[in-house]
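Enquirer: Structure below; questions to follow.
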Amino acid sequence: MKKFACLFIISFLLLMQAPVSWAANAKDVAKLKKTKKCPKCNLTGANLRGINLSRARLNGANLSGAKLRGVNLRAANLSGANLSGADLSSSNLRGANLRGANLRRARLRSCNLRGANLNSANLNGADFRRANLRGVKMNKSTKKAAANFNGAKGYKGKTSTKKKKSRKSRKSRKSRKSRKSRKSKKSRKSKRTKRSKRTKRKRTKRSSKKRRTKKRRSTRKRRRR
C-alpha cells in the first residue's frame, strides 16, 4: 500500500509541475515587448495579441502553441523558430523569414504571407485556407509537404518568384500588345483607303454631272439660235 501511495504522490507532483515547465517565460515576454529582440526565447503558449512585432528577431525561438492572431509580423526573422500548433490566422507575415521553421499544425487562415521565405520549413498539417501566398519562396521539400493549400490565394502548385517565368510572361504580353497595335494600324490603313476611294468616286460622279449639264446648256443655246 505504501508503494502505491508513493507512486500516486510522485505522479501527482509531476502533473502539477508539467504546466509550469511548458509555460512561457515572463522575462522573455517582457524582453520581446520592449526590444523586439528575443532569439531562442521560451514563448510557448504566450498570448502576444495586439503587439506590433514588425522586423522582430525571433530566430530559433520556441513559439509552440502561441496566440499570434492578427499580429503584425512583417519582415520578422522567424528562421528556425518552433511555431507548431501556433495560431497565426489573420496575421501579417509579409516578407517574413520562416526558413527552416516548424509550422506543423499551425493555423494560418487568412494570413498575409506575400513574399515570405518558407524554404525547408515543416508545413505538415498546416492550415493555409484563404491565405495570400503570392511570391512565396518554396523549395521542393516544402512543396512536397502535406500542407493544406486548398483555398489559398496566389498558389497554383508553382511559386511566382522565378525570374525566367516573369520574363516570359512579359515577352508574351509585349508580343500580344505589338500584334494588337499592328492589327489596329492595318485596320486604320484599310479604313483610310476605303474613305479615299469613296471620295474619289463621289468626285468623279460630280465632275461627270457637271459635264453633262454643260453639254445640255450648249445644245439648248444652239437650238435657240
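The values are calculated or read from the model by the stated rules, or taken from the named source; none is laboratory data. No experiment lies behind these values; they were computed from the predicted model shown. All Cβ positions, glycine included, derive from the backbone under ideal geometry; neighbour counts span all protein chains shown. With ligands, DNA and RNA removed, areas are computed over all heavy atoms of the protein, side chains included. Shrake-Rupley method; radii C 1.70, N 1.55, O 1.52, S 1.80 Å.
Enquirer: Provide a single number: the residues in the range 92-107 that are open to solvent by 50 Å² or more (accessible area, probe 1.4 Å) and in a loop (DSSP other than H, G, I, E, B).
Expert: Residues flagged as open to solvent by 50 Å² or more (accessible area, probe 1.4 Å) and in a loop (DSSP other than H, G, I, E, B) within the range 92-107 amount to 4.
Enquirer: Quick check: is even one residue across the range 35-46 at pLDDT 90 or above and in a helix (DSSP H, G or I)?
Expert: yes
Enquirer: Just to check your reading of the model, which residue among Ser110, Ser89 is assigned to a loop (DSSP other than H, G, I, E, B), more than 23 Å from Thr35 (Cβ to Cβ) and open to solvent by less than 30 Å² (accessible area, probe 1.4 Å)?
Expert: That would be Ser89, the only listed residue that is assigned to a loop (DSSP other than H, G, I, E, B), more than 23 Å from Thr35 (Cβ to Cβ) and open to solvent by less than 30 Å² (accessible area, probe 1.4 Å).
Enquirer: With the requirement that a residue be modelled with pLDDT of 90 or more and either surrounded by 15 or more Cβ atoms within 10 Å (Cβ to Cβ) or of a type in the set (Ser, Thr, Tyr) (or both), what does the range 17-30 give you?
Expert: Correct list: Asp28, Val29.
Enquirer: Now a separate question. Tell me, please, whether a residue that is surrounded by fewer than 22 Cβ atoms within 10 Å (Cβ to Cβ), closer than 29 Å to Arg130 by Cβ and charged (D, E, K, R) can be found in the range 69-81.
Expert: Yes: one or more hits.
Enquirer: Being at pLDDT 75 or above and surrounded by 10 or more Cβ atoms within 10 Å (Cβ to Cβ) is the requirement here; does Lys210 meet it?
Expert: yes
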